[in-house]
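Q: This is the structure I want to talk about, given as structure tokens.
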Amino acid sequence: MPKDKLRVQGMIFHAYHGLEHDEIRNGQRFEVDLEMIYDASKAAKSDQLKDTIDVRQVYEKVRQVVVNKRFYLIEAVSQNIADIIFQEFAVDEVTVRVRKPFAPLGGLANGTEVEITRKRADKA
């Protein structure tokens, strides 16, 4: 089975996830990266969009999760993104990274990031 990868990196959204009152009221920047493992051989032969994963649709599905839902934890954001990717696209595995560059940590840092990897076989 092919282990081809498609990455969509640096998706940026303003959303309202978190535990702190200011995070929920004012929102903040969230960044999302996806790495999807799938079989790209049909698209590589046909050179047709219909034979691959349309990254515009991927972006829109991720945007819907990040912007239209509310979560306390970025772990939950990440899992919900993985779930929608499996529901909508023919991927065998997905890695989701969600970053909060301005997470309220009480000190200086470059934010927080959660990375999860899920396999379709694990969903069965």
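The values are calculated or read from the model by the stated rules, or taken from the named source; none is laboratory data. Just so it is clear, the structure is predicted and the values come from calculations on it, not from any experiment. Every residue, glycine among them, receives a Cβ derived from its backbone with ideal geometry; neighbour counts consider all protein chains shown.
Q: Scan the stretch 40-53 residue by residue and report those that are surrounded by 11 or more Cβ atoms within 10 Å (Cβ to Cβ), more than 15 Å from the chain's Cα centre (by Cα) and part of a loop (DSSP other than H, G, I, E, B).
A: Ala40, Thr52
Q: Further, regarding this structure: Pick from Gly27, Gly18, Gly10: which is over 21 Å from Arg120 (Cβ atoms) and within 11 Å of the chain's Cα centre (by Cα)?
A: Testing whether each residue is over 21 Å from Arg120 (Cβ atoms) and within 11 Å of the chain's Cα centre (by Cα) leaves just Gly10.
Q: From the list Val62, Val55, which one is among the β-branched types (Val, Ile, Thr), closer than 23 Å to Asn110 by Cβ and modelled with pLDDT of 95 or more?
A: Val62
Q: Could you say whether any residue in the stretch 83-103 is in a helix (DSSP H, G or I), at pLDDT below 95 and among the acidic types (Asp, Glu)?
A: Scanning the stretch 83-103 turns up no residue that is in a helix (DSSP H, G or I), at pLDDT below 95 and among the acidic types (Asp, Glu).
Q: Identify, please: which residue in the stretch 84-124 is among the charged types (D, E, K, R) and surrounded by 15 or more Cβ atoms within 10 Å (Cβ to Cβ) and is, among those, nearest to Arg25 (Cα to Cα)?
A: Once the filter is applied, the top-ranked residue is Lys100.
Q: Just to verify a result, which residue in the stretch 17-39, among those that are of a type in the set (Asp, Glu) and closer than 23 Å to Arg118 by Cβ, is surrounded by the fewest Cβ atoms within 10 Å (Cβ to Cβ)?
A: My answer is Asp39.
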